[in-house]
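Here is the structure we will look at, set down as structure tokens.
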Amino acid sequence: QVQLVESGGGLVQPGGSLRLSCAASASTFSTLDMDWYRQAPGKERELVATITTGGTTSYADSVKGRFTISRDNAKNTVYLQMNGLKPEDTAVYYCRARRIIFGNTSAHLGWGQGTQVTVSS
């Protein structure tokens, strides 16, 4: 379990951009895989983007080409750059930390408190 704090959410117009940040308390941040999830009202929390300890990234099809996940291990922070925002991107965005056990098996370490992103004209 680690302490995660998201920031950077807000209200933007369609086509606008936001950069979300997730600051982690763990001194072992560089050993963790990090994810961004989002959850809209009445919907399940869904995986948006993943970045591994080695910097490999993956994205949900709905955000591919518009969102970019990155990390700064020196700052214990993961980012989500969101461009070309659409109303359907409106949700609370959460970061998640995982520790790889082996292969594709990982252990969940914790969620941040979430940051609201609202895309509306």
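Can we say K43 is more than 22 Å from G10 (Cβ to Cβ) and over 10 Å from the mean Cα position of the chain (by Cα)?
Answer is no for this residue.
The set of residues from the stretch 1-21 being open to solvent by less than 40 Å² (accessible area, probe 1.4 Å) and not in a loop (DSSP other than H, G, I, E, B) comprises L4, E6, G10, V12, L18, L20, S21.
Can you name the residue in the stretch 91-115 that is open to solvent by 40 Å² or more (accessible area, probe 1.4 Å) and either within 14 Å of the chain's Cα centre (by Cα) or among the basic types (K, R) (or both) and, of all such residues, is modelled with the lowest pLDDT? Outline the logic, then answer.
Within the stretch 91-115, the first condition is being open to solvent by 40 Å² or more (accessible area, probe 1.4 Å), and the residues that meet it are 96, 99-106, 108, 111, 113.
When the remaining residues are screened for being either within 14 Å of the chain's Cα centre (by Cα) or among the basic types (K, R) (or both), the result is 96, 99, 111, 113.
Working: R96: 97, R99: 93, W111: 96, Q113: 96.
Ranking the qualifying residues of the stretch 91-115, first place goes to R99.
For the stretch 44-67, the criterion of being touching a Cys at 6+ places or on another chain (Cβ under 9 Å) and among the hydroxyl-bearing types (S, T, Y) is met by no residue. Inspect all residues belonging to the stretch 66-75 and state whether any of them is open to solvent by 40 Å² or more (accessible area, probe 1.4 Å) and in a loop (DSSP other than H, G, I, E, B). No.
You will find that of V78, V48, V2, the residue that is within 14 Å of Y94 (Cβ to Cβ) and at pLDDT below 95 is V2 and no other.
When the stretch 76-111 is filtered for residues that are hydroxyl-bearing (S, T, Y), touching a strand residue (DSSP E or B) at 6+ places or on another chain (Cβ under 9 Å) and part of a strand (DSSP E or B), the ones remaining, listed by number, are T77, Y79, Y93, Y94, S106. Inspection of the stretch 75-89 finds a residue satisfying the criterion of being over 11 Å from the mean Cα position of the chain (by Cα) and over 14 Å from V119 (Cα atoms). The residues of the stretch 22-34 that are surrounded by fewer than 18 Cβ atoms within 10 Å (Cβ to Cβ) and outside any loop (DSSP other than H, G, I, E, B), listed by number, are A23, S30, T31. Got at least one residue in the stretch 44-54 being among the aliphatic types (A, V, I, L, M), in a loop (DSSP other than H, G, I, E, B), surrounded by 16 or more Cβ atoms within 10 Å (Cβ to Cβ) and free of Cβ contacts under 8 Å to residues at least 40 places away in the same chain? The answer is no; no qualifying residue exists. Among the criteria (1) open to solvent by 50 Å² or more (accessible area, probe 1.4 Å); (2) closer than 18 Å to G15 by Cα; (3) of a type in the set (S, T, N, Q), the one T118 does not fulfil is (1).
The values are calculated or read from the model by the stated rules, or taken from the named source; none is laboratory data. All figures in this text were calculated on a predicted structure; none of them were measured in a lab. FYI the Cβ positions are ideal-geometry reconstructions off the backbone, even for glycines, and counts take in every protein chain you see. Accessible surface areas use protein heavy atoms only, side chains included; no ligands, DNA or RNA. Shrake-Rupley method; radii C 1.70, N 1.55, O 1.52, S 1.80 Å.
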